[in-house]
Amino acid sequence: MSKKQKALLALQIACGVLLAVLPFVDQARINRYTDDDIRKHLYTFVLRYNLYLAVICGGLVAFAPALKDIFYPREKNKQVREKIMETMMEELFGGQRQNVRITIFKDAGVFVHSWIYLRLLAANIRAGRKWLPPRGKYVYVKERLGTEFSRSKTFFYYSPATRKKCHGVAGIVRQSLEVMILKNLPDIEGIDLRTLNMANKRSPDVRAVQDYIDQSYLRDFESLKRIHSPARHFYGSILQNNESPKGVLVIDSVQNDCPFEDPLVLKRLSYYSSLFTPTM
């Protein structure tokens, strides 16, 4: 049972208990308690709004099965995607989860898009920047395998109109709808990005980081700082459902040798990408 299903079951139980208690709450029961007893205030609230509580709880109990029908297919699709990623990791990359990361990026809906925009706006305000975040579209991490940051909040901007404004492999693949491979990016794993002064153009670390930003299409230093583990090699392909783009599959590696040079691996990646289609 998933967390959402458990939460829904707990809500059903709570509503059922409240519906069972409502008929027994009256003024006589309330008068048994003193003013400093929290039970008096609780029963007073229940008695005052008993009609509204009955309607709300009854509605939740009645419509809970319908909510299960909504959540269950999503949970099953998630399980299928996780199984596909685990199989990919074992077959194509020898289970090297410390070196290879498989990520599914999904198109941001209204609520996720709003959260991303407000987060970027708050970051601009804290940094004293006077410009607004870009008002295009975003893709965000939906599922990830091969890293301790499985619940990453990484996201990338993409512009449907032009590739030049898209951020990262995920953003460019989402805009172009094409497979993309990047190899042998600069190794910046040992550079502390939190203390790096990008204004010092003569620093070897600054030059390496700037080269990484340019070659990985991250566009700016802030986008790089949101990434927990900068990879050296990338593979990206579009994920569709009913011929409509829904997200991006990105596989990255921190290994010295690029794992995407083998034609057989690329052929199998294309096959696995198609398996994600019905789950999106």
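The values are calculated or read from the model by the stated rules, or taken from the named source; none is laboratory data. It should be emphasised that the depicted structure is a prediction, and the values quoted were computed from it without experimental measurement. We place every Cβ from the backbone using ideal geometry, glycine too, and count neighbours over all the protein chains shown.
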Quiz item: What is the one condition in (1) β-branched (Val, Ile, Thr); (2) modelled with pLDDT of 85 or more; (3) out of contact with any helix residue (DSSP H, G or I) (no Cβ under 7 Å at 6 or more places or on another chain) that Val80 does not satisfy?
Solution: (3)
Quiz item: So Lys106 clears everything in (1) touching a residue at least 24 places away in the same chain (Cβ under 8 Å); (2) under 30 Å from Ser270 (Cα atoms); (3) in contact with a helix residue (DSSP H, G or I) (Cβ under 9 Å, 6 or more places away or on another chain); (4) assigned to a helix (DSSP H, G or I) except one condition, right? Which one?
Solution: (4)
Exercise. Answer yes or no: is there a residue in segment 260-277 that is assigned to a loop (DSSP other than H, G, I, E, B) and in contact (Cβ under 8 Å) with a residue 60 or more places away in the chain.
Key: yes
Quiz item: Would segment 166-179 turn up any residue that is within 19 Å of Leu249 (Cβ to Cβ), over 21 Å from the mean Cα position of the chain (by Cα), of a type in the set (Asp, Glu) and surrounded by fewer than 16 Cβ atoms within 10 Å (Cβ to Cβ)?
Solution: yes
